[in-house]
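Here the structure comes first, spelled out in structure tokens, and everything after it is commentary.
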Amino acid sequence: EAVTVISPGDLRFGEVFPGSYYSERPAPSDDPDLFLVEFGDGSKVSHHRGTHKMELLNEGDVVATVKGDTTLNCEKQVSVTAKGAIDVHTDQTLTVKSAGAMSLTTDANMNLTASGNMKLSASRIDFN
């Protein structure tokens with residue numbers, strides 16, 4: 001594999017950068033606006049300066065550990081899709097608030113359980 005050596009003149013003090021591109025191993029993209037990192041397992045991270053789109057494709061698990069607060073701000077829609085279960089756990093209060101309509105639908109049974117009191121209030125409550 002070809003390498004690039006940057007040296008002040010004496011190669012003993014140079015830095016070696018492996019992975020130069022050539023005909024048998026071309027660059028992963030020829031788009032000058034795309035920053036792309038591809039990993040050997042097929043995972044990749046990309047950011048396109050022109051479209052302002054960032055993508056992450058990971059072939060394995062993703063674990064994020066944050067020792068401080070975490071905030072996610074989105075100026076448009078957020079969508080979460082999972083083929084497996086989605087679990088939300090907290091040792092504190094969980095609040096879900098919507099300025100618009102809210103819907104909770106399941107194709108299976110649903111349990112709503114509280115160890116303490118439960119309050120349901122609305123201007124009108126309809127039961128089928």
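Give the residues of region 38-86 that are assigned to a loop (DSSP other than H, G, I, E, B), within 30 Å of Gly19 (Cα to Cα) and among the small types (Gly, Ala, Ser), sorted by residue number.
Passing the criteria: Gly40, Gly42, Ser43, Gly50, Gly60, Ala64.
Residue check, Ala27 against (1) open to solvent by less than 80 Å² (accessible area, probe 1.4 Å); (2) modelled with pLDDT of 95 or more, all met but one. Which one?
Checking Ala27 against (1) open to solvent by less than 80 Å² (accessible area, probe 1.4 Å); (2) modelled with pLDDT of 95 or more, the one that fails is (2).
Looking at region 54-69, I want the residues that are under 22 Å from Val37 (Cα atoms) and have a partner that is assigned to a strand (DSSP E or B) and open to solvent by 100 Å² or more (accessible area, probe 1.4 Å) with Cβ atoms under 9 Å, at least 6 apart or on another chain. Which pairs are those?
Within 9 Å, the pairs are Val62/Leu56.
In region 42-75, which residues are basic (Lys, Arg) and over 30 Å from Asp30 (Cβ atoms)?
If the condition is that a residue be basic (Lys, Arg) and over 30 Å from Asp30 (Cβ atoms), then Lys67 is the only one that fits.
Every residue in region 34-49 that is loosely packed, with under 14 Cβ neighbours inside 10 Å and in contact with a Ser or Thr (Cβ under 8 Å, 6 or more places away or on another chain), please.
Hits for region 34-49 are Phe35, Val37.
Among the residues in region 89-98, are any within 14 Å of the chain's Cα centre (by Cα) and either modelled with pLDDT of 90 or more or of a type in the set (Val, Ile, Thr) (or both)?
no
How many of the residues in region 1-37 are closer than 27 Å to Asn58 by Cβ and part of a strand (DSSP E or B)?
Total satisfying the criteria: 7.
The values are calculated or read from the model by the stated rules, or taken from the named source; none is laboratory data. Worth saying up front: this structure is predicted, and the values here are computed from it rather than measured. As a convention, Cβ positions derive from the backbone with ideal geometry for all residues, glycine included, and neighbour counts pool all protein chains shown. Quick note on the areas: whole protein, heavy atoms, side chains included, nothing else; ligands and nucleic acids left out. Shrake-Rupley method; radii C 1.70, N 1.55, O 1.52, S 1.80 Å.
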